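For reference, the structure is listed below as structure tokens.
What follows is calculated from the coordinates using simple rules that are stated; it is not laboratory data. Everything numeric here is computed off the predicted structure, so don't read it as measured data. Positions of Cβ are generated from backbone atoms using ideal geometry, with glycine treated the same way; all protein chains shown enter the neighbour counts.
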């Protein structure tokens, strides 16, 4: 599906359970998401999953704001891999300082690979 400027495509969802066990109802919800093409995950540790998502979303948003470019444009810029890794490192250190559950592998030297396959219209959307 080709997105136009201003359109959003839902690609993934995190589903949490409140009472520390996976239920059949929760599994049916995950399967319903899967049938619509939305990859759904029921993480063992929702806090860790949310921090991984926060690390990605905030870093990409920050780089997009600084470059004043959408992801399809800034991921082509030679300067942005280091900028993105720096933003991810900053969030990682904030999480660690607050004793949040973020793996030491959350930011790898090739973290840019998370951005590269992200579907987004190529070209300047300004």
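Counting 0.36 nm for each residue step from residue 28 to residue 104 and taking away their Cα separation leaves a gain of 24.1 nm.
With each label modelled as a point 7 angstrom along the Cα→C-beta vector, the residue 77-residue 35 pair spans 4.3 nm.
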